[in-house]
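Participant: Below you'll find the structure I mean.
The values are calculated or read from the model by the stated rules, or taken from the named source; none is laboratory data. Treat the numbers as computed from the prediction; the structure is a model and nothing was measured. Cβ atoms come from the backbone with ideal geometry, glycine included; neighbour counts cover every protein chain shown. Only protein heavy atoms, including side chains, enter the accessible area calculation; ligands, DNA and RNA are left aside. Shrake-Rupley method; radii C 1.70, N 1.55, O 1.52, S 1.80 Å.
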Amino acid sequence: MNPAELTELLKSECHRLGFQLAGACPAVQPVGFRRFENWLDAGYNGEMDYLANRKDAYRHPENVLDGTISVLMLGLNYQTAEPVFPAIGQGRVSRYAWSDVDYHNVIHAKVEELVRFCESQSSEINARGVVDTAPLLEREFGQLAGIGWQAKNTMLINRGIGSWFFLAALLLNVQLDYDVPYHSNHCGTCTACIDACPTEAFVEPHVLDANRCISYLTIEHRSPIPLELRAGMGSWIFGCDICQDVCPWNNKAERAGGDLFAPAPDRNPIDLIELFFLNDDQFRLMFKKTPLWRPKRRGIVRNAAIALGNCPTNANIGALTTGLNDDEELIRGASAWALGNHAIELASPILRNRLSVESVRAVIDEIDWALKQLADTNSNRSFRS
């Protein structure tokens with residue numbers, strides 16, 4: 001079978017498996033590898049040390065599969081519904097994560113089936129599927145394979161389905177019929193994504209500082225959220241779609257067929273109060289098979305506390321009091337900060353009571369900040385009156 005015939009056969013199988021996009025390119029050192037190195041050197045990867053630790057592996061796909069000659073890039077549309085704006089006590093989950101399934105598992109099963117299909121065509125074919133975890137610069141290869149262009153928000157955009165798609169790759173030790181790389185950039189002078197970011201995470205077009213990105217902060221960042229970024233997180237507790245929501249290309253994007261990635265009834269939006277009363281076992285039962293499992297209970301409830309702090313109301317007090325007395329210091333600290341944005345007559349005695357028994361310095365500092373915030377706010381109100 002010649003490269004053109006094999007490529008046509010593989011793309012046909014990709015579409016049968018549900019991938020809307022499929023493009024082939026040679027396995028080479030990606031043009032953007034030097035940018036990736038510079039990005040790491042600038043510290044824009046935050047706490048994602050695994051990226052720096054595997055830096056050299058990203059240099060060429062053969063570091064993922066020995067003898068790789070070709071890469072078949074795949075795209076799977078996940079846009080199914082519009083987000084419902086959260087009411088008080090509710091939070092937002094990124095579209096890609098609001099269903100009852102983890103996209104990794106869904107796509108991995110499809111890619112593994114594709115690997116078996118490839119290898120059934122010839123005993124000389126060796127293939128490996130990649131879904132978001134191997135050291136491969138997927139967006140670079142997506143552009144090289146003609147799937148789309150890299151936008152100013154660093155996302156890969158396809159003219160048909162915007163940026164609402166998952167990327168996967170199939171690495172092969174045989175030559176394919178390569179697609180024309182995507183050289184055009186259809187962002188033009190638009191800077192909607194950069195302008196809309198509430199935490200100013202874009203250093204410049206095409207350069208994202210993960211340390212300031214809401215998606216990174218709510219998922220990958222395992223420490224307390226920097227104080228100056230908390231207000232900008234708004235009601236997001238997992239991921240962020242702001243830079244994609246405002247993109248004109250996404251306004252025209254096609255919807256995905258079926259309801260596999262449709263939002264679960266309780267995640268568009270999600271009840272924040274309930275999260276504070278889940279123990280580890282209950283949290284595991286609810287989210288183990290979804291992307292929300294990645295930050296674990298401590299990360300999600302930390303994020304929920306910040307979201308409640310950004311929308312203060314008396315109805316939050318019970319949940320935040322529970323959070324202030326949680327076994328996890330990360331949750332206690334975030335809950336203290338959130339209470340500092342509430343009414344002094346309700347929050348102050350709760351904070352002082354916790355302060356009398358708290359032994360962790362980081363949490364004590366959060367409580368001290370919250371009490372000062374309450375005192376300053378109350379003093380300003382008294383002055384104005």
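Participant: Would you mind calculating the gained length between Asp49 and Ser356 on full extension (0.36 nm times residue separation, minus the Cα-Cα distance), in nm to one decimal?
Facilitator: Details: separation 307, 0.36 × 307 = 110.52 nm, distance 3.67 nm.
In short, 106.8 nm is gained.
Participant: May I pose another question? Given the whole protein assembly as supplied and a 1.4 Å probe, what does the accessible area of Met155 come to in Å², nearest 10?
Facilitator: That residue has around 40 Å² of solvent-accessible surface.
Participant: While we're on this one: What dipole magnitude, in Debye to the nearest 20, does the chain give about its Cα centre under +1 on Lys/Arg Cβ and -1 on Asp/Glu Cβ? Provide the component values of the computation, followed by the final result.
Facilitator: Working: 36 positive and 47 negative charges, 148 e Å.
It comes to approximately 720 debye.
Participant: Shifting gears a bit: Apply the membrane-span-like helix rule to the chain: whole DSSP H runs, Cα extent along the own long axis of at least 30 Å, mean Kyte-Doolittle hydropathy at least 1.6. List the helices found. It would help to have the intermediate numbers written out before the result.
Facilitator: Details: long enough: 361-384 (34 Å, -0.67).
Within the chain not a single helix satisfies the rule.
Participant: Tell me, what is the FRET efficiency for Trp369 and Thr133 to the nearest 0.05, using R0 = 45 angstrom and their Cβ-Cβ distance as r? Numbers along the way, then the final one.
Facilitator: Details: r = 38 Å, r/R0 = 0.83.
Efficiency computed from Cβ-Cβ geometry: 0.75.
Participant: Take the Cβ-Cβ distance between Val84 and Ala231 as r, set R0 to 30 Å, and report the resulting FRET efficiency rounded to the nearest 0.05.
Facilitator: Details: r = 22 Å, r/R0 = 0.75.
FRET efficiency, Val84 to Ala231: 0.85.
Participant: Whats the longest run of the chain with zero trypsin sites (Lys or Arg not before Pro) that are DSSP loop and have at most 14 other Cβ atoms within 10 Å?
Facilitator: On the way: sites that count: Arg54, Arg159, Arg222, Lys252, Arg255, Lys288, Lys289.
For trypsin sites (Lys or Arg not before Pro) (loop position, at most 14 other Cβ atoms within 10 Å), the longest site-free span of the chain is 55-158.
Participant: Along the Cα→Cβ direction, 7 angstrom out, place labels at Asp280 and Thr189. What is the inter-label distance in nm?
Facilitator: Each label point lies 7 Å from its Cα, and together they span 5.7 nm.
Participant: Which are the unpartnered cysteines of the chain, meaning those with no other cysteine Cβ under 4.7 Å from their Cβ?
Facilitator: Unpaired cysteines in the chain: Cys14, Cys25, Cys118, Cys187, Cys190, Cys197, Cys213, Cys240, Cys247, Cys311.
Participant: Express as a percent, rounded to the nearest 5, the fraction of DSSP beta bridges in the chain (both residues included) that run antiparallel.
Facilitator: Values: 26 of 28 bridges.
Antiparallel bridges: around 95 percent, rounded to the nearest 5.
Participant: I would also like to ask the following. Relative to the Cα centre, what is the charge dipole magnitude of segment 265-334, using +1 at the beta carbon of each Lys and Arg, -1 at the beta carbon of each Asp and Glu, and rounding to the nearest 20 debye?
Facilitator: Values: 10 positive and 9 negative charges, 73 e Å.
Rounded to the nearest 20 debye, it is 340 debye.
Participant: With a 1.4 Å probe and every protein chain left in place, work out the accessible area per residue of segment 217-357 in Å², rounded to a whole number.
Facilitator: Numbers: 5900 Å² over 141 residues.
About 42 Å² of surface per residue is accessible.
Participant: Applying 1/(1 + (r/R0)^6) with R0 = 51 Å to the Cβ-Cβ distance of Glu113 and Asp327, what FRET efficiency is obtained, to the nearest 0.05? Don't skip to the end; give the middle numbers.
Facilitator: On the way: r = 42 Å, r/R0 = 0.83.
Step by step, r from the Cβ atoms, then E = 0.75.
Participant: Further question on the same structure: Remind me, relative contact order of the chain in percent, using alpha carbon pairs under 8 angstrom and six or more residues apart?
Facilitator: Values: 689 pairs, mean separation 73.5, N = 385.
Relative contact order here is 19 percent.
Participant: Assuming 0.36 nm per residue, please report the length gained on full extension of the stretch Val28 to Gln175 beyond their Cα-Cα distance.
Facilitator: Details: separation 147, 0.36 × 147 = 52.92 nm, distance 1.24 nm.
Gain on extension, Val28 to Gln175, equals 51.7 nm.
Participant: Counting pairs of alpha carbon atoms under 8 Å apart in space and at least six apart in sequence, what relative contact order in percent does segment 122-241 give? Can you show the working numbers first?
Facilitator: Values: 142 pairs, mean separation 28.2, N = 120.
In percent, rounded to a whole number, it is 23.
Participant: A further question follows. For Arg255 and Ile273, calculate 0.36 nm times their separation in residues minus their Cα-Cα distance, and state this gained length in nm to one decimal.
Facilitator: Details: separation 18, 0.36 × 18 = 6.48 nm, distance 3.16 nm.
Between Arg255 and Ile273, full extension yields 3.3 nm more.
Participant: In the neighborhood of Phe166, defined by Cβ-to-Cβ distances under 13 Å, what is the net charge if each Lys or Arg adds +1 and each Asp or Glu adds -1?
Facilitator: Working: positive: Arg95, Lys110, Arg139; negative: Asp102, Asp132, Glu138.
So the surrounding residues net to 0.
Participant: Describe numerically, in nm with one decimal, the distance between label points set 7 Å from Cα along Cα→Cβ at Ser122 and at Glu8.
Facilitator: Computed distance between label sites Ser122 and Glu8 equals 1.6 nm.
Participant: Using alpha carbons only, how many angstrom separate the centre of segment 90-164 from the centre of segment 26-51?
Facilitator: Cα centroid of segment 90-164 versus Cα centroid of segment 26-51: 19 Å apart.
Participant: Let me ask you something else. Would you work out which of Ala27, Tyr103, Gly75 lies farthest towards the positive end of the dipole of segment 9-147? Charges go on Cβ: Lys and Arg +1, Asp and Glu -1.
Facilitator: Gly75
Participant: Counting only C-alpha contacts under 8 Å and six or more residues apart, can you give the relative contact order of segment 234-359 as a whole percent? Before the final figure, lay out the partial values.
Facilitator: Values: 105 pairs, mean separation 32.1, N = 126.
Dividing the mean separation by the residue count of segment 234-359 yields 25 percent.
Participant: Ignoring ligands, DNA and RNA, please state the percent of accessible area on the chain from carbon and sulfur, probe 1.4 Å.
Facilitator: Ligands and nucleic acids excluded, carbon and sulfur give 49 percent.
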